[in-house]
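Would you mind keeping the following structure in view while I ask a few things?
The values are calculated or read from the model by the stated rules, or taken from the named source; none is laboratory data. Not measured: the values here are computed from a predicted model. Glycine gets a Cβ as well: all are built from the backbone with ideal geometry, and neighbour counts include every protein chain shown. Just so you know, the surface numbers come from the protein's heavy atoms only, side chains and all, with ligands and any DNA or RNA stripped out. Shrake-Rupley method; radii C 1.70, N 1.55, O 1.52, S 1.80 Å.
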Amino acid sequence: MARLKLGILISGRGSNLQALLRACAEPGFPAEIALVVSNRAAAPGLEFAREAGIPTAVVPLSAHGGDRDAADAAMTALLRAAGVELVCLAGFMRLLTPGFVEGWRDRLINIHPSLLPAFKGLDTHRRALEAGVRITGCTVHYVRLAMDEGPILVQAAVPVEDGDDEASLGARILAAEHRCYPLAVRLIAEGRVRVEGERARIEAPAPATALVNPAP
Ligand code: GRF
C-alpha cells in the first residue's frame, strides 16, 4: 500500500521531526516524509532531515516582505509539488494564515505540550507548575483557526513530580510527545480516523486504563 506523504513544518530544535523520521524508517510504517519546511534557515532540525536524505525548504517571512499570506502560499506550493497529503506542525513557531489552515483543513495536525484544552499557548510547563496540577501531558490535534484548538487525536498523561521545574517536566513531556506524534500519524495513515464535526473518531482498541489514549 502507498505510504502517506508527510510535510513537516519546523522552526527549531526538531526533536519531534526526529521522532517522525525514526518512525518512518521502521519497516511497515504507513507514512513517509516527503518534505521538511522551516521558516528559519538556522533551525537545527533541518540538519536531521538532510542527514536522512529528505528534501528541505526554507521559507522565511522576510523573503516575502513580511506578507504572511504570500509566505504561506509559497509553502503550500512547495508542499503540493512534493505530493504532501498530511502536514505536521512540529514546533513551527509562526502563526499560520486562515488561508493555509482552511486550505489544509483535516490534513493539518499539530503537537502541543499540554493536555488540551488546558494550557493553550506558550509557557505551558511554567503555567502547569504554577497551577499545581498533578497530571499534565501532550496532545496531537487537527489544526483549526483558533490557536491550539481542533479535534483531538492522541493524548498522553504525564505526572508532575515533586521538585519538578520547567526543564524536568518539559523533558518528561517531550518523551511522551515523541511517542504520541508517530502514533497519530500512523492512525491517520492507516485510515482509522474520521473527523466528525469537532471530534476525531478513532477505530482503535478501547484504551481502558491506558495513559496513552488511544492505546498504541
Ligand atoms: C514541542 O514541545 C511541541 O510540543 C511544541 O514545540 C516543541 C517543539 O520541539 N509545539 P521540537 O522542535 O520538536 O524539539
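Restricting to region 69-90, what's the tally of residues that are open to solvent by 40 Å² or more (accessible area, probe 1.4 Å) and over 16 Å from A31 (Cβ atoms)?
Selection size over region 69-90: 6.
Conditions first: (1) part of a strand (DSSP E or B); (2) over 17 Å from the mean Cα position of the chain (by Cα); (3) surrounded by fewer than 17 Cβ atoms within 10 Å (Cβ to Cβ). A157 passes all but one, so which condition is the exception?
Failed condition: (2).
Answer yes or no as to whether V59 is open to solvent by less than 40 Å² (accessible area, probe 1.4 Å) and within 17 Å of the chain's Cα centre (by Cα).
Judged against the criteria, V59 is not a match.
A further question follows. Taking the conditions exactly as written (surrounded by fewer than 20 Cβ atoms within 10 Å (Cβ to Cβ), more than 12 Å from the ligand (Cβ to nearest atom), of a type in the set (A, V, I, L, M, F, W, C) and without any contact (Cβ under 8 Å) to a residue 12 or more places away in the chain), does A42 satisfy them or not?
yes
Test A171 against the stated conditions and say whether it is in contact (Cβ under 8 Å) with a residue 12 or more places away in the chain and either open to solvent by less than 30 Å² (accessible area, probe 1.4 Å) or small (G, A, S) (or both).
No: the conditions fail for A171.
Further, regarding this structure: Can you give me the number of residues within region 127-144 that are part of a loop (DSSP other than H, G, I, E, B) and within 16 Å of V195 (Cα to Cα)?
Result for region 127-144: 2.
Next question, about the same structure. Test A157 against the criterion of being touching a Leu at 6+ places or on another chain (Cβ under 7 Å) and either more than 19 Å from G28 (Cβ to Cβ) or modelled with pLDDT under 95 (or both), and give yes or no.
Yes, satisfied.
Let me ask something else. Condition check: open to solvent by 30 Å² or more (accessible area, probe 1.4 Å) and either hydroxyl-bearing (S, T, Y) or under 26 Å from M1 (Cβ atoms) (or both). Does E166 satisfy that?
It is false that E166 is open to solvent by 30 Å² or more (accessible area, probe 1.4 Å) and either hydroxyl-bearing (S, T, Y) or under 26 Å from M1 (Cβ atoms) (or both).
Can you name the residue in region 10-29 that is part of a loop (DSSP other than H, G, I, E, B) and open to solvent by 60 Å² or more (accessible area, probe 1.4 Å) and is also nearest to the ligand (Cβ to nearest atom) among such residues?
Here the answer is R13.
Can you name the condition, by its number, that D148 falls short on among (1) open to solvent by less than 40 Å² (accessible area, probe 1.4 Å); (2) modelled with pLDDT under 95?
Result: D148 passes all but (2).
Moving on. Among the residues of region 99-129, count how many are at positive phi and surrounded by fewer than 19 Cβ atoms within 10 Å (Cβ to Cβ).
Result for region 99-129: 3.
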